[in-house]
Amino acid sequence: MRNCIFVTGGAGFIGGNFVLDWLADANADEVVNVDKLTYAGNLKTLASLDGDSRHVFSETDICDRAALNRLLTTYNPRAVVHFAAESHVDRSISGPAEFIQTNIVGTFTLLEAVRAYWGGLDDAARAAFRFLHVSTDEVFGSLGPNDRQFSESTAYAPNSPYSASKAASDHLVRAYHHTYGLPVLTTNCSNNYGPYHFPEKLIPLMISNALGGKPLPVYGDGLNVRDWLYVGDHCAAIREVLAHGRLGETYNVGGWNEKTNLDVVHTLCDLLDELRPKAAGSYRNQITFVKDRPGHDRRYAIDARKLERELGWRPAETFETGLRKTVQWYLDNQGWVQDVMSGEYRNWVAKQYAA
Ligand code: NAD
Ligand code: DAU
């Protein structure tokens, strides 16, 4: 393989979009995609790359040090973009162990493997190497209605097992830079949405339930606020940070799109009413308020000015354009949705929404 990058978690939602966008450039470095294929990983997302020799897939757990060593020495990447994680807050509440294992132990194992590999490179390759860690705004905790948005200097205050495990991984990445000089970059991003989003997260779940004639389960009072970013904009931000970010720095990535969950669900229903009208009535009639998520963070909001100031990145999509594209994608790709609604997915939904 010629020049290549490693992508971990490249069969998931954001990692999959990243790989597809990256390889859409005919001149891009090749990709070695390292993914364990958990319930959230899906090779159908990458079906358009079948037969494309620029994409090598390896079904590998990032906790498997020996396998990581072998892959690194076989392919000699110039960078690692680390997406692999357990990512669903609700699952971290009902079963935190996997989050500790993958997000903390897995990131540690990957850092150790990369540190050994990087230490053996020649001077030029060592200087050019990058380890980009993809993290979340949830590490900063919860904002009140009048608080300033999260900046890169906001203190960490994670509230769920998921965000605590991501915070731990961020700290490890930071420590490997300060202690060993590993050339790292970290991004902390807000809520993503777009194609190939697993249908247990808010937006794809609501689309699937609406089309299936099922209740649209809004937690609590529906007034929790998230800052929504179209996944293609997130992938563009990561490419910028990878190419031009300052070593050891963190960059917040957000959409400047604060919405309550109820606003999001209403907008989705209105789009579906327009694009796939029901025989009678609005999809809004399916909205149901359900028991709140334990420890549910009230508000997230990102100040993404550092990324704009230093690297010139701004999101291209507004919430309205991005959500319309997303709904249309789900309408056009019901086959992909049906494929991922496996037995495991049905078990999760039955357990999570039992009450
Ligand atoms: P996802 O759950 O859709 O995908 C995760 C991928 O990681 C899957 O393909 C899964 O098979 C793989 N994986 C899980 N454990 C693994 C292991 N031990 N070894 C190798 N692969 C493993 O997640 P996502 O939504 O695409 O999120 C990707 C990254 O971005 C995560 O690190 C997440 O914390 C971060 N993030 C997500 C969002 C969001 O809104 N989805 C926002 C900000 C940051
Ligand atoms: O902020 C970034 C984070 O966004 C990422 O780090 C996580 O990986 C990603 O999953 C996402 O976390 P959230 O918990 O914000 O996403 P989720 O889609 O699970 O929920 C979004 C909001 O919608 C949240 O306030 C909970 C609410 N919700 C969710 C579901 C699944 C509901 O009201 N009903 C639901 O059925």
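The values are calculated or read from the model by the stated rules, or taken from the named source; none is laboratory data. What you are looking at is a predicted structure, and each value in this text was computed from that prediction instead of being measured. Here the Cβ positions follow ideal geometry from the backbone for every residue, glycine too, while neighbour counts run over all protein chains shown. Note: accessible area is taken over every heavy atom of the protein model, side chains too, but ligands, DNA and RNA are not part of it. Shrake-Rupley method; radii C 1.70, N 1.55, O 1.52, S 1.80 Å.
Worth a mention:
- Surface composition of the chain: carbon and sulfur make up 50 percent of the accessible area, probe 1.4 Å.
- Taking the C-alpha atoms only, the angle from helix 343-352 to the longest principal axis of the chain is near 60 degrees.
- Computed over the chain, the percent of Cα pairs more than 31 Å apart is 31.
- Helix 13-23 and the longest principal axis of the C-alpha atoms of the chain enclose an angle of approximately 60°.
- Accessible area of region 180-250 divided out per residue, in Å², using a probe of 1.4 angstrom: 27
- Charges were assigned to the Cβ only: +1 to each Lys and Arg, -1 to each Asp and Glu. The resulting dipole of region 250-355 about its Cα centre is roughly 260 debye.
- Helix 161-180 and the longest principal axis of the C-alpha atoms of the chain enclose an angle of approximately 20°.
- Given charges at beta-carbon only (K, R positive; D, E negative), |dipole| of the chain in Debye: 300
- Mean residue ellipticity, 222 nm, helices only, the chain: the sum of -39500 (n - 2.57) across DSSP H runs of n ≥ 4, divided by residue count and rounded to 500, is -12500 deg cm²/dmol.
- Within straight-line cross-link reach of K278, aspartates and glutamates at Cα separation under 13 Å, skipping those fewer than 8 residues along the same chain: D270
- Share, in percent, of DSSP beta bridges within the chain that are antiparallel, nearest 5: 10
- Model label points for H296 and S94, set 7 angstrom from Cα along the Cα-to-Cβ axis, are 1.6 nm apart.
- Dividing the mean sequence gap of close Cα pairs (under 8 Å, 6+ apart) by how many residues the chain holds gives a relative contact order of 17 percent.
- Toward the positive end of the charge dipole of the chain, with +1 on the Cβ of Lys and Arg and -1 on the Cβ of Asp and Glu, the farthest Cα among N224, S87, N76 is that of N224.
- Take D339: with every protein chain present and a 1.4 Å probe, its accessible area is about 80 Å².
- Cα gyration tensor shape of region 18-130, rounded if a/c is under 1.5, else prolate or oblate by comparing a/b with b/c: oblate
- FRET E, pair F289, T318, Förster distance 35 Å, beta-carbon r, rounded to 0.05: 0.80
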